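The values are calculated or read from the model by the stated rules, or taken from the named source; none is laboratory data. Fair warning: this is a prediction, and the values are worked out from it, not measured in the lab. Cβ atoms come from the backbone with ideal geometry, glycine included; neighbour counts cover every protein chain shown.
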Amino acid sequence: MKKVFIAAMAIALFLGTTNVYGADYTDVWSSNWAFFAIREMSDKGIISGYPDETFKPNNKVAYGEFIKMAVISITGEDLGNTESGHWAENYYNKAIKLGYFTTDDISKSVLGEDIPRAHMALIISSILGDVTIENYNEIQGWLKDITSKTAYEYDITKSYATGVLTGYTDGTFKPDGTLTRAEAAMAIYRLTHKEVRVEPSDLSPVRDAVANFDSHYTNNGSFDLKLAKTKSVSYAPVSVIAGFTLNENRGTKWIKSTAEFEKTYYAWMYLIKDGKVIESLANGIVPVGTPNVYLYTQDITKVDYIGLLDVEDYNLILVPNPFKSK
């Protein structure tokens, strides 16, 4: 369908100055929608946190920081900080030479300002290189705030169609929205892990489930206001729920989680089939180191996706059902 040609990347992402790793951050629980990306890249030394052992996932990322990320991820070169002027000017100049953008696109004067999603898409689009999108107009139409007149609409649509950047459940992309450290980590993670890219077709079942959250009322007799608040949807590998097991005793069935998670979104789990939420599995917040248990009644072997809701950011994480019959 789509052919994506991506240069081999030697990834290095420097957003901090200390060697605090993913499992040690005091402010990144498994409830964070980008937890698995932050954890893996931190454990590999690709990103790092702050001296107070935090990652600050919701802090905004400036142009200079993201441009540095992009340059190092492609070239493997750490050019060092500029002694005079803005510290990221070496990376800015290199990015210009690499063709990521022109001085008309991004001025050197904005290096210290927060980078919007549109310019993030521009840089990612340049990294992706040649891409064939067969249903371009259809995909662009799925983003109601992006038209042919939108600045960088091609780069936005390409980044969205290839699954590196995602839109929001209200059908928008928010090109002027800012980028957080968690989003930056996830963007680089998706560039280097093709299996977790979120192509629009991958998320249609979950978007349908969110858009039709009242189907949960129809099927179960309860109205799930938390699901109704969902703002965005992400795709995650099955490894996110590795170790989860199915259990049954005298007709009672439950999913048991592992005990390694802290305050987690696993307190709110959804079974999704044919684009509808067929069951909500809620278990509240349990003490650290205590497995969660989720009672269910549906035939889980026929469920398409397990949805995990981060009730802090209201991001719904889509995990392919590992228990589905082959």
Practice task
Give the residue that is surrounded by the fewest Cβ atoms within 10 Å (Cβ to Cβ), with candidates limited to residues of the stretch 52-85 that are free of Cβ contacts under 8 Å to residues at least 40 places away in the same chain and under 22 Å from ALA187 (Cβ atoms).
Solution key: GLU77
Practice task
Go through the residues of the stretch 126-138 one by one and say whether even a single one is loosely packed, with under 14 Cβ neighbours inside 10 Å, of a type in the set (Asp, Glu) and part of a helix (DSSP H, G or I).
Solution key: yes
Practice task
Check the stretch 166-182 and report whether any residue there is acidic (Asp, Glu), in a loop (DSSP other than H, G, I, E, B), over 20 Å from LYS60 (Cβ atoms) and at pLDDT below 95.
Solution key: yes
Fill in the blank from the handout: Taking the stretch 122-139 and keeping only residues that are in contact with a Ser or Thr (Cβ under 8 Å, 6 or more places away or on another chain) and either farther than 20 Å from ASP176 by Cα or of a type in the set (Val, Ile, Thr) (or both), one is left with ILE124, ILE127, LEU128, VAL131, ILE133, TYR136, ILE139
Practice task
Kindly indicate whether ALA161 is at pLDDT 95 or above, closer than 23 Å to ALA236 by Cβ and either among the hydroxyl-bearing types (Ser, Thr, Tyr) or buried (at least 23 other Cβ atoms within 10 Å of the Cβ) (or both).
Solution key: no
Problem - Those residues of the stretch 295-326 which are over 25 Å from the mean Cα position of the chain (by Cα) and at pLDDT below 80, in sequence order - result: LYS326
Problem - Filter pass, THR230 being surrounded by fewer than 21 Cβ atoms within 10 Å (Cβ to Cβ), at pLDDT 70 or above and of a type in the set (Val, Ile, Thr) - result: no
Problem - Identity of the residue in the stretch 95-119, assigned to a helix (DSSP H, G or I) and in contact with a strand residue (DSSP E or B) (Cβ under 9 Å, 6 or more places away or on another chain), that ends up surrounded by the fewest Cβ atoms within 10 Å (Cβ to Cβ) - result: VAL110
